[in-house]
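The structure appears right after this line, and notes come after that.
The values are calculated or read from the model by the stated rules, or taken from the named source; none is laboratory data. Given the structure is predicted, the values throughout are model-derived calculations rather than measurements. Because the Cβ atoms are built from the backbone with ideal geometry, glycine has one as well, and the counts that use them run over all protein chains shown.
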Amino acid sequence: MLSQAASALPGLVDTLAMGQVGDAVDLGAVAIASMSFTFVYWAFGFLRMATTAQTAQARGAGEEAESRAVLVRALLVGATLGIALGLLFPVGKALALAAFQAEPAVEAAAAGYLDARILGAPAALAGYAVNGWLLGTGRTRSLLLYQLVLNGLNATLDAGFVVGLGWGPAGIGLGTAIAEWAALAVGLVLVRRGLVAPAALWQPERLAAMFRANRDIMVRTLALLGSFAWFLDTGARHGATALAANQVLLQLVAVSAFLLDAFAFVAEKEVGEAVGAADRARLRRAMVVTSQLAVVGGLLFSIAYGLGGPYLVDAMVRDEGVRRAAREVLPWCAMVPLLGVPAFQLDGVFLGATRGRVLRNAAVVSAGLYVALDLALRPWGNPGAWSAFLAMYVVRAATLSVGLPGLLASLHSSAQPSSEPHKHRST
């Protein structure tokens, strides 16, 4: 939870800094530019997710050499993808700015952020491998250190570049890029014992399993990110003020989601080891204990946002128009943490079990239904957009739960260890 709190810090600091010294245009620029990078980077989030699951499953099956191979493969793939993104950046930038129908002033400010942020692409994607391996091996103290370097430095640089030097959105992008390279250097030191590549590094069977899992998780992530991008685009269609208000409230959503994801991450690791060991009792325990704690956490966040949300909004932004627009939809925002918990937890369970097909199908279905509902509620303005956004979490949880019986049925009881760990790892 501490490492996840560190992850939530930069977005909050970015919004706070821009809210104090910028206007609705600056906030809107940061919203669409950061979402563009989030969309691209999280599309490759399978590097973190698959690394966690495959590392945990290898450890559950007693295959330490394979757990190290997972790390090296993911690092090499992440660095290569980051370099490719840098080479393709001119095309990607044009597409990103064209995707949001924002005002010209917003697009111009967003371009400065994009130009600076791309410098950190190789480090950011290679860092996913570090993050995933530390989670999969249960090294949460090392993970906390990694996240503190990444996000603490990011927040510090962003605030200095924006408030101190007045560089605006471009300063936020540059601060993030510098922090990504610094964190990767620290991360490689933290995982140095896993950097010994075993002889089976490029074994075809292992590579095929990795790419199968990555393919479905990538589709799942793109569908979810498409939903968030659609939500921001809906706000942009209602004007710069609505877009800025949604950006402020999404930071509250992000803080709660990051912290509640801590329970889902533990579920990933524990479920992965249970699947590797073919231990159904351990799987059930991981699901029940982490979910009970997550529900309590979600309820506390919803109560806190419901009662203290107006004060948080006032503290984050000075523009009175943005404040009014944010308060109008704050009740919807306050419900996200509690309603989102089932989806977060089920994500963790199926990621740990590498059930990519279940994740993919649930994300695609929920994204499609969300877009249809958002279009139907467009006449309601921004409250309609938030209503559709909330419904997406409920539909996601419902579609994911369909896969639970099959997952449980695939494992033996804890009294009957599996003699075929590879079979479970490839599901």
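Would you say Ala170 is buried (at least 21 other Cβ atoms within 10 Å of the Cβ), within 20 Å of Phe46 (Cα to Cα) and out of contact with any Cys (no Cβ under 6 Å at 6 or more places or on another chain)? Let's see the steps before the verdict.
Details: buried (at least 21 other Cβ atoms within 10 Å of the Cβ): yes; within 20 Å of Phe46 (Cα to Cα): no; out of contact with any Cys (no Cβ under 6 Å at 6 or more places or on another chain): yes.
Taking the combined requirement at face value, the residue does not satisfy it.
If only one of Val364, Val349, Val358 is touching a Phe, Trp or Tyr at 6+ places or on another chain (Cβ under 7 Å) and either closer than 29 Å to Asp279 by Cα or assigned to a helix (DSSP H, G or I) (or both), which one is it?
Values: Val364 fails: touching a Phe, Trp or Tyr at 6+ places or on another chain (Cβ under 7 Å); Val349 fails: touching a Phe, Trp or Tyr at 6+ places or on another chain (Cβ under 7 Å).
Result of the check over Val364, Val349, Val358: Val358.
Mind telling me which of the residues Leu407, Leu390, Leu339 ends up being assigned to a helix (DSSP H, G or I), among the hydrophobic types (A, V, I, L, M, F, W, C) and modelled with pLDDT under 90? Walk me through it before giving the result.
Details: Leu390 fails: modelled with pLDDT under 90; Leu339 fails: modelled with pLDDT under 90.
Testing whether each residue is assigned to a helix (DSSP H, G or I), among the hydrophobic types (A, V, I, L, M, F, W, C) and modelled with pLDDT under 90 leaves just Leu407.
For segment 16-54, give me the residue count where each residue is within 18 Å of the chain's Cα centre (by Cα) and either in a helix (DSSP H, G or I) or modelled with pLDDT under 70 (or both). So that I can check it myself, show each step before the final result.
Applying the first criterion (within 18 Å of the chain's Cα centre (by Cα)) to segment 16-54 yields 30-53.
Filter again for either in a helix (DSSP H, G or I) or modelled with pLDDT under 70 (or both), leaving 30-43, 46-53.
The qualifying residues number 22.
Counting just the residues of segment 234-244 that are among the hydrophobic types (A, V, I, L, M, F, W, C) and in contact with a Leu (Cβ under 9 Å, 6 or more places away or on another chain), which one comes out nearest to Met316 (Cα to Cα)? If you could, list the steps in order and put the result at the bottom.
Here is the first cut: in segment 234-244, the ones among the hydrophobic types (A, V, I, L, M, F, W, C) are 236, 240, 242-244.
Next, only the ones that are in contact with a Leu (Cβ under 9 Å, 6 or more places away or on another chain) stay: 236, 240, 243-244.
Values: Ala236: 20, Ala240: 17, Leu243: 15, Ala244: 11 Å.
This residue is Ala244.
Condition first: free of Cβ contacts under 8 Å to residues at least 40 places away in the same chain, in a helix (DSSP H, G or I) and more than 21 Å from the chain's Cα centre (by Cα). Can you find one or more residues in segment 164-173 that meet it?
Within segment 164-173 (the criterion being free of Cβ contacts under 8 Å to residues at least 40 places away in the same chain, in a helix (DSSP H, G or I) and more than 21 Å from the chain's Cα centre (by Cα)), the answer is yes, since at least one residue qualifies.
Out of Ala116, Ala129, Ala183, Ala110, report the one residue that is in a helix (DSSP H, G or I), out of contact with any Asp or Glu (no Cβ under 6 Å at 6 or more places or on another chain), closer than 26 Å to Gly235 by Cβ and at pLDDT 80 or above.
Numbers: Ala129 fails: closer than 26 Å to Gly235 by Cβ; Ala183 fails: closer than 26 Å to Gly235 by Cβ; Ala110 fails: at pLDDT 80 or above.
The conditions single out Ala116.
Contact list please: Cβ distance under 9 Å, first residue in segment 261-285 and without any contact (Cβ under 8 Å) to a residue 60 or more places away in the chain and of a type in the set (A, V, I, L, M), second residue assigned to a helix (DSSP H, G or I) and buried (at least 24 other Cβ atoms within 10 Å of the Cβ), pairs at least six apart or on different chains.
Matching pairs, first to second residue: none at all.
Checking Ala294 against (1) at pLDDT below 90; (2) closer than 30 Å to Gly60 by Cα, which single condition isn't satisfied?
Ala294 satisfies all of (1) at pLDDT below 90; (2) closer than 30 Å to Gly60 by Cα except (1).
Quick one: which residue in Ala372, Ala362 is of a type in the set (Gly, Ala, Ser), on the phi < 0 side of the Ramachandran plot and in contact (Cβ under 8 Å) with a residue 60 or more places away in the chain? Can you show your working first?
Working: Ala372 fails: in contact (Cβ under 8 Å) with a residue 60 or more places away in the chain.
The conditions single out Ala362.
Applying the selection to segment 148-160, what residues are buried (at least 21 other Cβ atoms within 10 Å of the Cβ) and modelled with pLDDT of 85 or more? So that I can check it myself, show each step before the final result.
Quick first cut of segment 148-160, residues buried (at least 21 other Cβ atoms within 10 Å of the Cβ) only: 150-151, 154-155, 157-158.
Scanning segment 148-160 gives Leu150, Leu157.
Out of Pro104, Pro122, report the one residue that is modelled with pLDDT under 80 and on the phi < 0 side of the Ramachandran plot. Give the steps one after another, and end with the answer.
On the way: Pro122 fails: modelled with pLDDT under 80.
After applying the criteria, what remains is Pro104.
Could you list, in sequence order, the residues of segment 341-368 that are more than 30 Å from Arg280 (Cα to Cα) and crowded, with 17+ Cβ neighbours inside 10 Å? Before the answer, list the steps.
Of all residues in segment 341-368, those more than 30 Å from Arg280 (Cα to Cα) come to 367-368.
Ala367, the sole residue that qualifies.
Among (1) part of a helix (DSSP H, G or I); (2) modelled with pLDDT under 85, where does Gly62 come up short?
(1) is the only condition that Gly62 fails.
Return yes when Gly164 is surrounded by fewer than 18 Cβ atoms within 10 Å (Cβ to Cβ) and either modelled with pLDDT under 85 or β-branched (Val, Ile, Thr) (or both) and no when it is not. Reasoning before the result, please.
Working: surrounded by fewer than 18 Cβ atoms within 10 Å (Cβ to Cβ): yes; either modelled with pLDDT under 85 or β-branched (Val, Ile, Thr) (or both): yes.
So Gly164 fits the description; yes.
Name the pairs whose Cβ atoms lie under 6 Å apart, with the first residue in segment 218-234 and over 16 Å from Gly381 (Cβ atoms) and of a type in the set (S, T, N, Q), the second at pLDDT below 85 and surrounded by fewer than 21 Cβ atoms within 10 Å (Cβ to Cβ), and 6 or more positions between them or separate chains?
These pairs meet every condition: Thr221/Trp42; Thr221/Ala43.
Look through segment 135-158, keep the residues that are of a type in the set (D, E, K, R) and in a helix (DSSP H, G or I), and return whichever of them is farthest from Gly272 (Cα to Cα).
In the first step, residues of segment 135-158 are kept if they are of a type in the set (D, E, K, R); the result is 139, 141, 158.
Those left that are additionally in a helix (DSSP H, G or I): 141, 158.
Working: Arg141: 20, Asp158: 36 Å.
Per the stated criteria, the residue is Asp158.
Cβ-Cβ distance below 8 Å, separation of 6 or more or different chains: which pairs start in segment 386-408 with a residue that is on the phi < 0 side of the Ramachandran plot and end on one that is of a type in the set (D, E, K, R) and part of a helix (DSSP H, G or I)?
Qualifying pairs under 8 Å: Ala388/Asp374; Phe389/Asp374; Leu400/Asp347; Leu408/Arg280; Leu408/Arg284.
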